[in-house]
1. Taking H as built 1.01 Å from N, whose amide H comes closer than 5 Å to the amide H of L14, not counting residues under 5 places away?
2. Under 5 Å between amide H atoms, partner at least 5 residues away or on a different chain: which partners does R175 have, H built in plane at 1.01 Å?
3. Based only on other Cβ atoms within 10 Å, what is the fewest-to-most ordering of I32, I87?
4. Give me L44, L14, L104, L33 sorted ascending by neighbouring Cβ count inside 10 Å, so fewest comes first.
5. Using square roots of five times the C-alpha gyration tensor eigenvalues, list the equivalent-ellipsoid semi-axes of region 3-92 in whole Å, biggest first.
6. By how many degrees, 0 to 90 and rounded to 10, does the Cα axis of helix 76-92 deviate from the longest principal axis of the chain?
7. Starting from the Cα of A25, step 7 Å along the direction of its Cβ; do the same at F107; then give the gap between the two resulting points in nm.
8. How large is ³J(HN,Hα) for each residue in region 222-229, as worked out from phi by the Karplus curve 6.51 cos²θ - 1.76 cosθ + 1.60 (θ = phi - 60°), to whole Hz, x for Gly and Pro?
Amino acid sequence: MGVKDSMDSYHYGLGGSELIYETHAMVHSYNILFVHLSYDNSHLIYCDSCHNSENLLGCVGMKKNKYCIFNKAYQPDEYKKLKEKIIAYAKETGEYGEFFPPQLSPFGYNETQGQVYMPFKTREEAIRAGYKWEDEATTGTFNKETLKPETIPETIDEIQDSILSEVLVCVGCNRNYRIVNNELTFYRREKIPIPRLCPECRYQKRLSLRPPRQLWHRKCMCDYKVHQNTIKHPDHSEGVCPNEFETSYSPDRPEVVYCETCYNAEVV
Ligand SMILES: [Zn+2]
Ligand SMILES: [Zn+2]
Ligand SMILES: [Zn+2]
């Protein structure tokens, strides 16, 4: 069971799928257009979270239903007529033929993985592109801490199990957070102190360690006169390496960047 005659979809195909277009999260589906998170269906158009159903248009959260428009059931011939009328109208207004527009997203762009992988620099840029923006992206609990960061012992060996019932406060964003049992076990095993940052700030910190999702065209920086290379490199036996390549390390970064050949010659 695979995927047949389908395109422009994400996270789909399990259980076999055919005639799927512009969808997200489909399982075992046939003839599905512009639908989000729906399993075991056939002949769905513009639906969200509908399962085990067939012939639905513009429905949300339906299970084991057929011939429904905007969650209301019709006789099959009525359904067909009304469906065609609605589609003809939506084609006229230009609303038909693409996945749900970003304006309908329940989330601000900055709350989603979109901002991680294809970030907008400013709120205004995102709004201009048709996305929502969450101005109070810092959701959570505040001022409920039972333990101040400065009173938490420095080393994990000094931490009692009672930390599991404490409410901590993030030194980065003041949000409250807790330590859970498996986490404490992990910190003890790895000899890691209790984090002073909340999970969200830790996530952001990890992300900031990644190079950006952007490539720069650069020249190999390998030069026998400058660097103490230990062996002769295959692409140049002296002087500067002539190789150029794409790298996620921008030219203004401090690291020395070699081409793959020179790099491998030195490290392998
Ligand atoms: Zn935080
Ligand atoms: Zn090189
Ligand atoms: Zn080299």
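1. Placed amide hydrogens put H28 under 5 Å from L14.
2. Here C170 satisfy the definition.
3. Numbers: I32 26, I87 16.
Placing the least packed residue first, the sequence is I87, I32.
4. Working: L44 28, L14 14, L104 10, L33 18.
Least crowded to most crowded, the residues run L104, L14, L33, L44.
5. Details: eigenvalues 87, 40, 22 Å².
Sorted largest first and rounded, they come to 21, 14, 10 Å.
6. Value to nearest ten degrees: 50.
7. Rounded to a tenth, the inter-label distance reads 1.0 nm.
8. Whole-Hz 3J(HN,Hα) from phi for region 222-229: 5, 8, 4, 6, 8, 9, 7, 6.
Rule-based calculations on the coordinates, nothing more; no lab input. Here the structure is a predicted model, which means the values were calculated and not measured. Here the Cβ is made from the backbone with ideal geometry for all residues, glycine too, and neighbour counts use every protein chain on show.
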